[in-house]
1. Applying 1/(1 + (r/R0)^6) with R0 = 45 Å to the Cβ-Cβ distance of ALA104 and ARG317, what FRET efficiency is obtained, to the nearest 0.05?
2. Taking the alpha-carbon centroid of each part, what is the distance from the stretch 315-353 to the stretch 194-213 in angstrom?
3. How high is the FRET efficiency from VAL81 to SER173, r the C-beta distance, R0 41 Å, rounded to 0.05?
4. Can you list the residues of the stretch 308-332 with backbone N under 13 Å from a point 7 Å past the Cα of LYS289, pointing along Cα to Cβ?
5. Give me the percent of accessible area attributable to carbon and sulfur for the chain, probe 1.4 angstrom.
6. Over the stretch 196-346, what is the relative contact order in percent, taking alpha-carbon pairs closer than 8 angstrom and at least six residues apart?
7. Could you please report the charge total around VAL387, scoring K, R as +1 and D, E as -1 over all other residues with beta-carbon less than 10 angstrom from its beta-carbon?
8. So what are the three principal axis dimensions of the chain from its Cα atoms, in whole Å, longest to shortest?
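The values are calculated or read from the model by the stated rules, or taken from the named source; none is laboratory data. Computed from a predicted model, the values in this text were never measured in an experiment. All Cβ positions, even for glycine, are placed from backbone atoms using ideal geometry, and neighbour counts span all protein chains on display. Note: areas computed on protein heavy atoms with side chains; ligands, DNA, RNA excluded. Shrake-Rupley method; radii C 1.70, N 1.55, O 1.52, S 1.80 Å.
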Amino acid sequence: MIKRKIAVVGAGAAGCFCAVNIAEQNPDCEIFIYESGLMPLHKLSLTGGGRCNLTNTFESVESLSKVYPRGDKFLKSLFYVFDHEKTMEWFENHGVELYSQDDARVFPKSNKAMEIVENLLGKLRKYGVWIFTGKKVSEILKDEGGKFSLLFSSGEETLESFDSLIVTVGGMSRSPLMESLKKLGVEIIDPVPSLFSFKVKSNVLTSLMGASVENASVMIAGQKFRAEGGLLITHFGFSGPAVLKLSSYAARFLSENNYKCDILINWLNESESSVIEEINTLIKKNPQKTLQAVHPKNFTKRLWEFLLNKMEILPERKYCELGKKNVNKMVSVLTSDVYHVSGRGQFKDEFVTSGGVKLSSINPKTLESKTVENLFFAGEVLDIDAVTGGFNLQAAWTTGFAVAQNFI
Ligand SMILES: Cc1cc2nc3c(=O)[nH]c(=O)nc-3n(C[C@H](O)[C@H](O)[C@H](O)COP(=O)(O)OP(=O)(O)OC[C@H]3O[C@@H](n4cnc5c(N)ncnc54)[C@H](O)[C@@H]3O)c2cc1C
């Protein structure tokens, strides 16, 4: 029997998961994976700080758009086919025990990303999937009979030709492969980074390195982008869940503005009226105490003194001596503290690309290109990306699984 030949470009989470699912359910396919790096699933081995936060229980997700700033609607229908619960079931049924943390993130019980890597590679070996490493695909060729072949950056070409091609190259940068896809008529949204910290030039602020608040909100001045959660002061500016989320929501805006903007921090993530109430309670309860002796919940002494300095209020002043003008100054700094972001910082734990293959140019059920028959896409190469918490890998599993269904 002549086997159907399928090529997968990129041995990452989406590509390998897709290949395992095709191979497992359709022995009539011969699968070839081409990977530019020297190790398949290398990035997966680094995820979650080496623990692999492979998905999320979605317990506290009110709306998909809050966790998938791009691709929420597209994923919604694919989740009916393969969502986080099916993903967890899949891994458990394939020999990986999982657990979920209180914060809803899901990890392998071993806390080892390598367990997932070895599990998937073991399955690819078992099903006889061919994996070629050190093969950077630079061009996709399609002959008149509709078969694909691949050209590598070394100049060689695949000896095989393929009935179908699945592109799973992750977050794309401008590359010959991207140009080749464009030449074939695939629409691509320019990739820009997402999930990064903010650089803020301030010696005073960076002297607070390591200070954090549990629940703040951060917004970009004059824009609708706003995120809440933990806020961390680093040696170069701000990081933590609120900032990472904001960098994701505003990824394109920030790129267009060269990563320069003003941000407003609400240190208590509360409305002005609640903050006034809280200050009045502090005044009532501690009239004779100094400002430096008692501080609102949420703050360390060091951070509170830094903020008092910004408010231009002496820390030695007593609460009963505050007066309306100072209360107003306090409210203003506590709810809308302005900082100028001068650039993009690093966030090494998780980093994704926003942009990629335009979702309207592919079939939402099959993930096949609308312009090139038998060309499919899965994973981060699509214009889908998420905030941190296991959502990015979930998108890779879901789209990888959905593509595999075409071959079953
Ligand atoms: C350090 C780090 C930690 C992360 N931790 C988490 C986490 O805990 N949870 C989570 O949900 N997400 C996490 N992410 C994001 C997550 O890893 C990605 O969203 C996910 O790996 C995307 O899977 P993918 O298969 O689409 O792409 P990738 O995993 O990036 O795989 C793409 C593969 O294609 C190969 N490739 C690229 N171009 C070519 C080419 N031209 N020819 C051949 N091969 C090519 C690459 O070498 C790569 O192996 C993390 C990201 C980073 C960087």
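1. Values: r = 43 Å, r/R0 = 0.96.
According to the calculation, E is roughly 0.55.
2. If we compute the Cα centre of each part, the gap is 12 Å.
3. Details: r = 30 Å, r/R0 = 0.73.
Plugging the Cβ-Cβ distance into 1/(1 + (r/R0)^6) gives 0.85.
4. Counting backbone N atoms under 13 Å from the label point, the list is 318-320.
5. Taking all protein chains in place, the chain shows 51 percent carbon and sulfur surface.
6. 31
7. 0
8. 90, 42, 34
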